[in-house]
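Report on the structure given below.
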Amino acid sequence: MSNLTISDLHVTVETPEGPKQILRGVDLTINSGETHAIMGPNGSGKSTLAYSIAGHPKYQVTQGSVLLDGEEVLEMSVDERARAGLFLAMQYPVEVPGVSVSNFLRTARTAIDGKAPALRQWVGEVREAMDDLRIDPAFAERSVNEGFSGGEKKRHEILQMQLLKPRFAILDETDSGLDVDALRIVSEGVNKARSTTDVGVLLITHYTRILQYIKPDHVHVFVDGKVAEQGGPELAEQLEAEGYDRFLAKA
Amino acid sequence: MTTDTTDSPVETTGLSTDHSRASADAAHSHGVRTSPGTSYADRFASTDPEAFEVPTGREEEWRFTPLRRLRGLLQDAPLRGEGVTADVRGVDGVTVQIVPVAESRRGLSGYVPIDRVSARAWAATEKVMTIDVPAGTEVAEPLVVTLTGDGGSEAVAGHLLVTVGANARASVVVFFEGSATYAENVEIVLGDGAALTFVSYQDWQPDAVHHSNAHAVVGRDAELKHVSVSFGGDLVRHDTTAVYDGPGGSAELLGLYFADAGQHIEHRLFVDHNEPKTRSDVLYKGALQGDGAHSVWIGNVLIRPEAEGIDTYELNRNLVLTDGARADSVPNLEIETGEIEGAGHASATGRFDDEQLFYLRARGIPEEAARRLVLRGFFAEMIGRIGVDVVGERMLAAIEAELEIAMQTAGAEVDA
């Protein structure tokens, strides 16, 4: 049983006009096996939270802490965080020309496990995960994210989530830009990881659509850089009916 | 007609990436040739060295080159006809000969020296190395020639003539090793329907100087793949011209270079679309690291009025790995007919892409390993396209050696 505890997190981002405050005191605790949805209007700081936890250099943490089983994540480098068990499925996965998907996946798994995976078992594991996510086997030899469609990029992110077996996965608007079929496939992939491992999931989304496929245990409404309200799945249904206006008016 | 022009710096996805310390020369042109005499096609040519003035360094074609490091090749430094020895790993069906100039077919391509160095080399050449692939001959294995400089203090002149007869197919690889101040002229003649992969691989010692002008003639429906690989040498300046001798020919000009501290590597290309339905595809990729590392890429393409239905694209990409390195990149496109399939060029110079490194590191891959992956990936495409094993293997090893330097430099920066 692990937990990821975010306390009083304040984050700024550099802009040409100087540092701009984005997160203003985020408190959130996720335990293994739980799925938390973070919902909020555009510009509320949802993605900033995701990238700050992953350690993107663009974001400066000015206050607060992120503890993974009591260890301070904010003191770790980007790759140390991933090796500690954090995973970020990105909204805009980056193209890495000339690096094949298979080489990338094997290198990442080796880094996270501290040793190369046994070849035969690994090949089987990759094939099965790709099959589940309806990823053409030819993808293994293509360059990472290069020329991938939006849906292919997202499926590739979830493929990594399945193969790298994180303790906590942050899914940053994984549903954006997906048609219904792709959304279902991606959601099934996330659900498979949830059912076969004890992963805790932080599901960041603007829309409730993905929550029809991935059932959250908790829902947090994010407004103006912090959690404005929390509740169970019923809160998502309320947002679906009423939108974010209530919160925006308050802010 | 589609004219696609991309001159933007390195593309960024999503979040910002710092390329501010990378330098790129923004000068480039594309458009209609206005007056004769300004085009690459109108270059003065002569076999008489004295017909050329000694450049001052302000001329367009010399402005990037550190002239003093040419060791007097432009002036009157003695040039001898020997000092570079050839080792040939032959293949059946391909003839290699060293022929006195008087008995050779020098000039077969129509080439006439275009600058003072090449004219001096022309005059000083005593023997011509000729490589002949007879018509109809198909050779799978590459012919490999290793030219080794003896490190003598005097400069050396050389001339290479490669002919590939009609419908013949072959690969020719020339490795340059050792040390020399080498002034070279190269002629390549492809008959109708011929296919040649020609690789010039600079693996010189760090003090070598290599000035080379190459002139290739691509026959009707012939396919030339010309490859220039530069790792070694103090100053490498290669000027490569491709012209067509009939419609339907294709010229693929590929280059890969890695400039280390103090190294000057310059590639000047000219594709002269003088025949209809011809194609050209230029891709040069380079990395630079260390103080004073300098690369220059000039890509000239001319589409003449008669060259209807042609298709051309040229791309130069540079990865500047450290401060103090400079990549100049200038694509020029002159279009004299609108009746073409396509014409485009692009040039991009950038640093390591922070977003790529973040993506890889966010998957647990340590920073150093992530840099290696990105760098290997940057060149992987070239190795595939060159497609000659003996060259690819050597390039991979050379890139690994360069990576060692890069990682030591990166480590030093972190320590400091």
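The values are calculated or read from the model by the stated rules, or taken from the named source; none is laboratory data. From a predicted model like this one, the values you see are computed outputs, not experimental measurements. We place every Cβ from the backbone using ideal geometry, glycine too, and count neighbours over all the protein chains shown. Side chains are part of the model used for accessible areas, which takes the heavy atoms of the whole protein and leaves out ligands, DNA and RNA. Shrake-Rupley method; radii C 1.70, N 1.55, O 1.52, S 1.80 Å.
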Open item on the list: With within 30 Å of A:THR15 (Cα to Cα), within 12 Å of another protein chain (Cβ to nearest Cβ), touching a strand residue (DSSP E or B) at 6+ places or on another chain (Cβ under 6 Å) and modelled with pLDDT under 95 as the only criterion, which of A:PRO57, A:PRO97 stands out?
Closed with: A:PRO97
Task: Residue list for the range A:63-83, filter: touching a residue at least 12 places away in the same chain (Cβ under 8 Å), at the interface with another protein chain (Cβ under 9 Å from one of its Cβ atoms) and of a type outside the set (Ser, Thr, Tyr) - done: A:VAL78, A:ASP79, A:ARG81, A:ALA82, A:ARG83
Task: Residue selected from the range B:231-240 under the condition assigned to a strand (DSSP E or B) and in contact (Cβ under 8 Å) with a residue 40 or more places away in the chain, by the criterion farthest from the chain's Cα centre (by Cα) - done: B:LEU235
TODO: Considering every residue within the range A:2-11, establish whether at least one is of a type in the set (S, T, N, Q), in contact (Cβ under 8 Å) with a residue 40 or more places away in the chain and open to solvent by less than 20 Å² (accessible area, probe 1.4 Å).
DONE: yes
TODO: Considering each residue of the range A:12-54, count those that are aromatic (Phe, Trp, Tyr) and more than 14 Å from chain B (Cβ to nearest Cβ), and give that number.
DONE: 0
- [ ] Could you run through the range A:15-30 and say how many residues are within 17 Å of A:SER65 (Cβ to Cβ) and open to solvent by 40 Å² or more (accessible area, probe 1.4 Å)?
- [x] 3
Task: Candidate set from the range A:153-188 (those that are among the basic types (Lys, Arg) and in contact with a helix residue (DSSP H, G or I) (Cβ under 7 Å, 6 or more places away or on another chain)); member that is least open to solvent (accessible area, probe 1.4 Å) - done: A:LYS154
TODO: Sort out which residues of the range B:104-135 are farther than 21 Å from B:LEU79 by Cβ and either crowded, with 18+ Cβ neighbours inside 10 Å or free of Cβ contacts under 8 Å to residues at least 40 places away in the same chain (or both), and write them in order of number.
DONE: B:SER109, B:ILE131, B:ASP132, B:VAL133
Open item on the list: Given the condition more than 19 Å from A:SER44 (Cβ to Cβ), in a helix (DSSP H, G or I) and open to solvent by 70 Å² or more (accessible area, probe 1.4 Å), answer yes or no: does some residue in the range A:214-232 qualify?
Closed with: no
- [ ] Using the structure shown, decide if A:ASN191 is at pLDDT 95 or above and either in contact with a Ser or Thr (Cβ under 6 Å, 6 or more places away or on another chain) or surrounded by 21 or more Cβ atoms within 10 Å (Cβ to Cβ) (or both).
- [x] no
TODO: Considering only the range A:65-102, state which residues are assigned to a strand (DSSP E or B) and open to solvent by 40 Å² or more (accessible area, probe 1.4 Å).
DONE: A:LEU67, A:GLU71, A:GLU72
Task: helices (runs of 4 or more DSSP H) lying entirely in the range B:317-416 (those with 1 or more residues that are basic (Lys, Arg) and within 14 Å of chain A (Cβ to nearest Cβ)) - done: B:354-361, B:367-386
TODO: Could you check the range B:113-205 for strands (runs of 3 or more DSSP E) lying wholly inside it with 3 or more residues that are hydrophobic (A, V, I, L, M, F, W, C) and more than 20 Å from the chain's Cα centre (by Cα)?
DONE: B:127-133, B:155-164
Task: Residue, most open to solvent (accessible area, probe 1.4 Å), within the range B:165-196, restricted to residues that are touching a residue at least 40 places away in the same chain (Cβ under 8 Å) and among the β-branched types (Val, Ile, Thr) - done: B:VAL189
Task: Flag for A:HIS220 being in contact (Cβ under 8 Å) with a residue 40 or more places away in the chain, touching a His at 6+ places or on another chain (Cβ under 7 Å) and at negative phi - done: yes
TODO: Go through the range A:113-123 and count every residue that is assigned to a helix (DSSP H, G or I) and either open to solvent by 40 Å² or more (accessible area, probe 1.4 Å) or not hydrophobic (A, V, I, L, M, F, W, C) (or both).
DONE: 5
- [ ] For A:ALA116, state whether it is aliphatic (A, V, I, L, M), over 20 Å from the mean Cα position of the chain (by Cα), more than 9 Å from every other protein chain (Cβ to nearest Cβ) and closer than 18 Å to A:ILE158 by Cα.
- [x] no
- [ ] Determine the pairs where a residue that is of a type in the set (S, T, N, Q), located within the range A:88-102, has a partner that is open to solvent by less than 10 Å² (accessible area, probe 1.4 Å) with Cβ atoms under 8 Å apart, the partner being 6 or more residues away or on another chain.
- [x] A:GLN91/A:ASP172; A:GLN91/A:THR174; A:SER100/A:VAL144
TODO: Would you please name the residue that is most open to solvent (accessible area, probe 1.4 Å), looking only at residues in the range A:124-145 that are over 20 Å from the mean Cα position of the chain (by Cα) and within 14 Å of chain B (Cβ to nearest Cβ)?
DONE: A:GLU141
Open item on the list: Which count do you get for residues in the range A:146-176 that are under 23 Å from A:SER52 (Cβ atoms), more than 13 Å from chain B (Cβ to nearest Cβ) and assigned to a loop (DSSP other than H, G, I, E, B)?
Closed with: 2
Task: Residue check for B:GLY309: at pLDDT below 95 and open to solvent by 10 Å² or more (accessible area, probe 1.4 Å) - done: no
- [ ] Please determine, by comparing only the residues of the range B:358-380 that are free of Cβ contacts under 8 Å to residues at least 12 places away in the same chain, among the aliphatic types (A, V, I, L, M) and in contact with an Asp or Glu (Cβ under 8 Å, 6 or more places away or on another chain), which one is nearest to A:ALA108 (Cα to Cα).
- [x] B:ILE365
- [ ] Look at the range B:401-416 and say how many of its residues are exposed (fewer than 15 other Cβ atoms within 10 Å of the Cβ) and modelled with pLDDT of 90 or more.
- [x] 1
